Amino acid sequence: MVEVGNHDLGEQLVRGGVVSVADLERARQIRQSAGGDLGALLVGIGALSEDALLRHLGEHLGVAYLREDHELPDHQAVYRCMSQSAIKLDWLLDNEVVLWREGDEGALCCMARDIQGRVLREALNYFYPAEPVNFRLAANHQLDRLLEYVRKEREMESLFSGDDAKRLRELAEEAPIIALVGNLLAQAVDVGASDIHIEPSEEQFLVRMRVDGILHTRLTQPIERFAAVASRIKLIAGIDIAERRRPQDGRIGERISGKDMDIRVSTVPCAFGESIVLRLLAQERGELAFANLGMAPDHLEMFRGWLTSSNGIALVTGPTGSGKSTTLASALEEIDDGVKKIITVEDPVEYQMPSITQIQVHAEIGYTFATALRHILRQDPDVIMIGEMRDLETSEIAIRSALTGHVVLSTLHTNDAVSSFTRLIDMGVEPFLVAAPTRGVQAQRLVRKACPHCATPAPPTALVEDMLDAVPASLVGDRWLRTEGCGACQNTGYRGRLGIYELVPMSEPLQEMIVSGAHLNDLRRFAHKEQGHRTLLHDGLLKASQGQTTVEEVLRLTLTEEAGGPG
């Protein structure tokens, strides 16, 4: 905690009406007997909050206070500045000092536990004699977050400080490689990554992390060091370390950075070794709340209607990584009332739900989706979730189940919702069997949310307004934004993701069109223009109008498909 001298700090706080005389005297008595920082003692006895103390100190010292709603400096910029500083990195970490530059060659900034400390000031004056230093104040936990990041980065680099690749391979089960893989996992959780990609090439391998749907390179190393890293990951995932000629799948369950994580591991042979992908799933159930999926109220009501039907199929469509599994898991938790028998057939099981029977298929031994479905119908289920309707046999069993009193949820890989009907027909399902049991189909994508720190108002263009002509004006907001990029969002302009959705309920006219073999474009035209159901583009633009994302992000994911989807 920063202080302004042992005596005048307390007096200034009293004069400013921040603390009482009695609290000041109590803190001074504790300091006299036990020592410690006066400001920290005042916070500790509850005389004032850390935020109030730092605001007062910032005003008194003329130093900017980075409050909770302010962006912290970019983690990588902090590490780059500290590792290249004339002051030894170990000394900075031992003294809990953070340095960074505002911009690549900008002013030097400093944050520390005590920015008034004599030793710190002398060190800065000695190593940066001709350069002014801009001091900053921040809460202890914010300072701790930056210091922890720098420590992890230093540990990772130190693992690869030597060239003895053979020794690294021998250490696959020992401390250095354990620490390396642990650091990679911790960094991925800290930055909110959904996947870690480890990709070997001829002379090096990359470690990339997917954050908000975009891959960012985190580490580049010589290919000689790849074997030890791959072996460690395979070991803890329960994968055969010696097998490198065929794909393998495994799973890691660990507590990482304070979160219980379930990590799916996939290895695939490639030209220069094995491509390894780790998908990170938090085990906490909060994200599975159905109301938290980001659906508009009318979409939420419509989907809930499908779930509460006595029978029928509801399909969720979209490409890999569009959030289909999360939507289905949330739907199951929504209807899991302790009375219904719910069984899932998945490959793999992504979200583990204790009160639901979940079955993992194993195609290599002949236990496929179709095989599992035939057996689970004898288990008297009320609700069946099928991870994916991949083939005719699986689709026909699912349809028969829906026609005989079961609620069936499943996914398909199609670009939009209406394409689900033609996709099933292309598989060989009779058109009347597609139309009869289907309650509705949903397509979805994940768009990046606008960073609240660098978003600014941006009125929509005439083209965007024209695109929304088909949407009721009462639904359109007036909080259009653009983003610039900043340290808080790693200069991407976005933080986090939300879903955009296209929901098309089955109706009698739509059933008649499907049975009569109507063209896909005619089905789309009827669903969107005559029945008035929003496309992915329209739902995305509505969310852009509400300040949740940007027009550019919505168009990036939807415009090409809307303009020329498969037909």
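The table below gives the values:
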quantity: Residue check for Val78: in a strand (DSSP E or B), touching a helix residue (DSSP H, G or I) at 6+ places or on another chain (Cβ under 6 Å) and either without any contact (Cβ under 8 Å) to a residue 12 or more places away in the chain or buried (at least 18 other Cβ atoms within 10 Å of the Cβ) (or both); calculated: no
quantity: Residue count for segment 331-344, restricted to those that are under 25 Å from the mean Cα position of the chain (by Cα) and buried (at least 20 other Cβ atoms within 10 Å of the Cβ); calculated: 3
quantity: Subset of segment 22-43 (residues that are open to solvent by 70 Å² or more (accessible area, probe 1.4 Å), over 20 Å from Gly117 (Cα atoms) and not hydrophobic (A, V, I, L, M, F, W, C)); calculated: Glu25, Arg26, Gln29, Ser33
quantity: Single unsatisfied condition, Val119 versus (1) more than 32 Å from the chain's Cα centre (by Cα); (2) under 22 Å from Gln76 (Cβ atoms); calculated: (2)
quantity: Any pair with Cβ under 9 angstrom, 6 or more apart, that starts in segment 513-530 at a residue that is under 16 Å from Val471 (Cβ atoms) and ends at one that is of a type in the set (A, V, I, L, M) and open to solvent by 30 Å² or more (accessible area, probe 1.4 Å); calculated: His528/Ala470; Lys529/Ala470
quantity: Residue tally, condition within 30 Å of Thr326 (Cα to Cα), in contact (Cβ under 8 Å) with a residue 60 or more places away in the chain and either acidic (Asp, Glu) or in a loop (DSSP other than H, G, I, E, B) (or both), over segment 455-477; calculated: 3
quantity: From the options Leu48, Leu66, Leu57, Leu124, residue that is more than 30 Å from Pro452 (Cβ to Cβ), among the aliphatic types (A, V, I, L, M) and open to solvent by less than 70 Å² (accessible area, probe 1.4 Å); calculated: Leu124
quantity: Candidates Asp90, Asp114 - the one that is outside any strand (DSSP E or B), surrounded by fewer than 16 Cβ atoms within 10 Å (Cβ to Cβ) and not aliphatic (A, V, I, L, M); calculated: Asp90
quantity: Condition check for Val98: among the β-branched types (Val, Ile, Thr), under 21 Å from Val191 (Cβ atoms) and assigned to a helix (DSSP H, G or I); calculated: no
quantity: Members of segment 509-560 that are basic (Lys, Arg) and crowded, with 17+ Cβ neighbours inside 10 Å; calculated: Arg524, Arg534, Lys543
quantity: Given (1) touching a Leu at 6+ places or on another chain (Cβ under 7 Å); (2) open to solvent by 20 Å² or more (accessible area, probe 1.4 Å); (3) closer than 23 Å to Arg378 by Cβ, index of the condition Ile365 fails; calculated: (1)
quantity: Criterion: in contact (Cβ under 8 Å) with a residue 24 or more places away in the chain, part of a helix (DSSP H, G or I), in contact with a helix residue (DSSP H, G or I) (Cβ under 8 Å, 6 or more places away or on another chain) and open to solvent by less than 10 Å² (accessible area, probe 1.4 Å) - qualifying residue of Ala398, Ala417, Ala402; calculated: Ala398
quantity: Of residues in segment 176-228 being acidic (Asp, Glu) and over 24 Å from Glu553 (Cβ atoms), the one surrounded by the most Cβ atoms within 10 Å (Cβ to Cβ); calculated: Glu199
quantity: Qualifying residue in segment 157-173 (condition: over 28 Å from the mean Cα position of the chain (by Cα), assigned to a helix (DSSP H, G or I), at pLDDT 85 or above and exposed (fewer than 12 other Cβ atoms within 10 Å of the Cβ)); calculated: no
quantity: Which listed residue is in contact (Cβ under 8 Å) with a residue 24 or more places away in the chain, under 27 Å from Pro319 (Cα atoms) and of a type outside the set (D, E, K, R), from Ile223, Ile198; calculated: Ile198
quantity: Subset of segment 301-328 (residues that are surrounded by fewer than 19 Cβ atoms within 10 Å (Cβ to Cβ), within 20 Å of the chain's Cα centre (by Cα) and not small (Gly, Ala, Ser)); calculated: Pro319, Thr320
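The values are calculated or read from the model by the stated rules, or taken from the named source; none is laboratory data. Just so it is clear, the model here is predicted, and its values are computed rather than measured. Using ideal geometry, Cβ is built from the backbone for each residue, glycine included, and neighbour counts are taken over all protein chains shown. Just so you know, the surface numbers come from the protein's heavy atoms only, side chains and all, with ligands and any DNA or RNA stripped out. Shrake-Rupley method; radii C 1.70, N 1.55, O 1.52, S 1.80 Å.
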